[in-house]
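The values are calculated or read from the model by the stated rules, or taken from the named source; none is laboratory data. Remember, predicted model here, so these are calculated numbers, not experimental data. Accessible surface is based on the protein model in full, side chains and every heavy atom, while ligands, DNA and RNA are left aside. Shrake-Rupley method; radii C 1.70, N 1.55, O 1.52, S 1.80 Å.
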Amino acid sequence: MPRAVKGVLIECDPSIKAIILKIDKDSGHGYIVEDLDDETLVVKEPKLAELKLRLEKILEKTQMLEKDEESDPENPG
Amino acid sequence: VVDQIRLWQIEGERMKTTTGFLFKDFHSTQEFEEVAKYAEELGVLKWKKSARRCMFVTRHEQIADWLKRRASAQQQQPKKAAA
């Protein structure tokens, strides 16, 4: 018999998914239930809000770096 | 408050979320396809990938019942299943 696992399906572009994978890895794999493909994954429902917050913070930093191209970027390479 | 508004901006523009159930570990491709067809007929199938025998559905109760009925039907007719 197949198994059913409760969760939230996230469909997003690959760049967003890459960030989610990194957040999951850095937190000791506390978010992702199943990595399905380049644009799709399932995460734990109780962790979704927290994941979105962390994602938002990272996206904000990325956007700030893009805007401040004149100043030296903090992360070379 | 600003943070909350931005959260909603990510969702919709760059990501879409759906609460439900991931079905996996299907016994065979045939079993997977049958369940996917049933889920689609019920209107609960959200995503599937045949190559991985994985699907995501918005409701699981009817599928679980269907799988149980299917399993018990197969137990009653083992010869037919083996043929």
Ordered by residue, what ³J(HN,Hα) values in Hz, to whole numbers, does the range A:46-60 give under the Karplus form 6.51 cos²θ - 1.76 cosθ + 1.60, where θ = phi - 60° and Gly and Pro are x?
x, 9, 4, 4, 5, 4, 4, 4, 5, 4, 4, 5, 5, 5, 4
For the range B:22-34, 3J(HN,Hα) per residue [Karplus equation, 6.51 cos²θ - 1.76 cosθ + 1.60, θ = phi - 60°, Hz, x = Gly/Pro]
9, 9, 8, 6, 6, 5, 8, 4, 4, 4, 4, 5, 5
Expected 222 nm ellipticity per residue - DSSP helices of 4 or more, -39500 (n - 2.57), all of chain A, to 500
-14500 deg cm²/dmol
Amide H contacts under 5 Å for B:Lys46, placed H, 5+ residues apart:
B:Phe56, B:Val57, B:Thr58
Taking the alpha-carbon centre of each part, the distance from the range A:24-46 to the range B:22-83 in Å is 24
For the full complex of protein chains and a 1.4 angstrom probe, list B:Leu42, A:Leu36 by accessible area with the highest value first.
B:Leu42, A:Leu36
So what does B:Trp47 come to for accessible area, using a 1.4 Å probe and Å² rounded to 10?
30
Entries in A:Lys52/B:Lys46; A:Lys6/B:Lys46; A:Lys22/A:Lys44 that, when Cα-Cα distance is taken, lie over 18 Å:
A:Lys52/B:Lys46
Mean Cα-pair separation over length for chain A, i.e. relative contact order, pairs under 8 Å, 6 or more apart, %:
30
Tell me, what HN-Hα J-couplings in whole Hz come from the Karplus equation 6.51 cos²θ - 1.76 cosθ + 1.60 at θ = phi - 60° for each residue of the range B:54-68, using x for Gly and Pro?
10, 8, 10, 10, 7, 9, 10, 4, 5, 5, 4, 4, 4, 5, 5
How much of A:Asp24 can a 1.4 Å solvent probe reach, expressed as accessible area in Å² and rounded to 10?
10
